[in-house]
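The values are calculated or read from the model by the stated rules, or taken from the named source; none is laboratory data. For clarity, every value in this text was computed on a predicted model and none was experimentally measured. Note: ideal-geometry Cβ built from the backbone for every residue, glycine included; neighbour counts use all protein chains shown. The accessibility values were calculated without ligands, DNA or RNA, using every heavy atom of the protein model including side chains. Shrake-Rupley method; radii C 1.70, N 1.55, O 1.52, S 1.80 Å.
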Amino acid sequence: MRRKRLRQMRDTRWARIVAWIVFAVLCVPVAVAYAFAVYDVGSGGGVGRATKTLRMAALILPVLAALSCVAWRGLRVRRARLSIAPVAWVRIIAATLGMVLVLAVALFTVSIDRGQPAAPGPFYDAPSPLPTGAAGTVIRSESLPGAPAGAKAWRLLYLSTRLDGTPTAVSAILIVPDAGAPAGGRPVVAWQHGAVGVGQNCAPSLRANWAGFIDGLALFVQQGYVVVSTDYEGLGASGSHGLLVGETAAKNVLDSVRAAHNFAEAGAGTRFAVWGESQGGHASLFTGEFAASYAPEMTLVGVAAVVPPTDLSALFDRNLGTTFGNVLASFAFATWAGTYPDATLNQIITPLARPIVRNLASYCFLEERETLSILPGSLLTRVTFLSRPPKETEPWKRLLAENSPGQRRISAPLLIAQGAVDPLVRPDITHAYAARICAAGDTVEYRSYPGVGHVGSGKATAPDVVAWMNDRFAGKPPARTCTGV
């Protein structure tokens, strides 16, 4: 009987040891899931100081409480000078390691949160109701430090139009040369930035070093051009930003050109050119398509698009499964679900991946130090992400087609600059787009840049773009209708 009891005690002890070891192992996914759950729930509170403080408390306080219990138990045993059984040792070690892991995850996520840009200030708060006026009306402006030599800059809040046709407020940066304006007004260059995130705090106009993110800015200023750069709807000012929603981006750009023209200190005329990189290249192409119908009073002389996403269905299909491809797809899916009433994440994203997608969409990655914030989520999307292919699932199939440029003619000459080794916007897809619109009658010049990838493509091509735009503003027609295709 005694031997049987000893055997039962031994079996029970080993079962408890195994249970605590399993607990310690499970702490890894549980800790990660807990951190993501806190951030997913808290993402609806925005990026203000109060939200960050609550997130920090939710992440750290439970961990500190658990660690205190473990420490108190160990101290009590030590004071009583009791011998600790093997099961107790395993329990204490497992609990301690688990809590330390949770604390590490909590501190990591909090450090990411603190590394993100602050929430926009009062300047970006649109009046309610919005003032009456045409699209492009300047609501308010303020001087912006950091302009390149020979220029001054302002931050603008102006009226634009949502996808559904209702008015909204959008922010932008305006840079004006110091030299006097010529008769007829200065020509305008509208710069469209690439993907920086989709939250209000991701707007480039919020950055102290904003000038470094406008490729070719100093060269354009030297040529006497006014440069205007929209943040897009939902970045900076309140609203819903739709990544790669072409029509909305086009209206934001065209209304920023109108705002520059309406801003007296700019001395801007009605002739303008557009250019952008990546997401901005996509916006430039759609601006070219909508310019004549949406802003007929303005004269578009040229469109320059650097590494522009064109066939979205093909690009998403090729990039899904890669780390950065999943991140950009998450940003697009999350924002399209907030833009189109019939689109939901449930239709294409697995249940486990939905909070990951929403979490990714709460971060900015304009600067290198911010890219760390998207690393955990990007890795998790490699484990679970899509439940159905978007290109085969409605309404996503339709939305991918609607937001792919090339369905309307661009009346102005078009320059497409493509990095030959771009791993994200694939050169063959961009070249196929250029050939297709050339065959449709557009005036296209396609240039491929050996050794140039995706990041930095705007800086690499800026001198050529400036020279090309000089010819367009001078009224010089392209030598050929189609070049390089």
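Overall, the anisotropy analysis places segment 245-344 in the prolate class: the square-rooted eigenvalues a ≥ b ≥ c of its C-alpha gyration tensor yield a/c not less than 1.5, with a/b exceeding b/c. What is segment 188-341's relative contact order, in percent, from Cα pairs under 8 angstrom and six or more apart in sequence? Taking the mean separation of contacting Cα pairs over the length of segment 188-341, I get 27 percent. Across the accessible surface of segment 404-463, with the other protein chains kept in place and a 1.4 Å probe, carbon and sulfur atoms take up 60 percent.
Placing a pseudo-label 7 Å from each Cα along the Cα-to-Cβ vector at Val485 and Lys459 gives an inter-label distance of 3.0 nm. Length available on full extension from Leu372 to Ala218: 0.36 nm per residue minus the Cα-Cα distance, which gives 52.4 nm.
May I ask you to derive the relative contact order of segment 297-439, considering only C-alpha pairs under 8 Å and at least 6 residues apart, and to give it as an integer percent? Mind showing how you got there, number by number?
Working: 158 pairs, mean separation 58.8, N = 143.
Over segment 297-439, the number comes to 41 percent.
Sparsely packed loop sites in segment 241-322 (the GluC sites (Glu not before Pro) outside DSSP H, G, I, E and B with at most 11 other Cβ atoms within 10 Å) comprise Glu297.
On a per residue basis, segment 193-290 carries 21 Å² of accessible surface, using protein heavy atoms and a 1.4 Å probe.
Amide H to amide H, with H built 1.01 Å from N, Ala304 comes under 5 Å of Val274, Trp275, Gly276, Leu415, counting only residues 5 or more places away or on other chains. In plain terms, the chain from Arg447 to Ser387 could stretch by 17.8 nm, reckoned as 0.36 nm per residue minus the Cα-Cα distance.
Compared with the direct C-alpha span, the chain from Leu130 to Asp164 gains 10.6 nm at full extension, assuming 0.36 nm per residue. Phi angles of segment 243-249 translate, via the Karplus equation with coefficients 6.51, -1.76, 1.60 and θ = phi - 60°, into HN-Hα couplings of 5, 6, 8, x, 5, 4, 4 Hz per residue; Gly and Pro are given as x. Summed over the residues of segment 388-485 and divided among them, the accessible surface reaches 46 Å² per residue at a probe radius of 1.4 Å.
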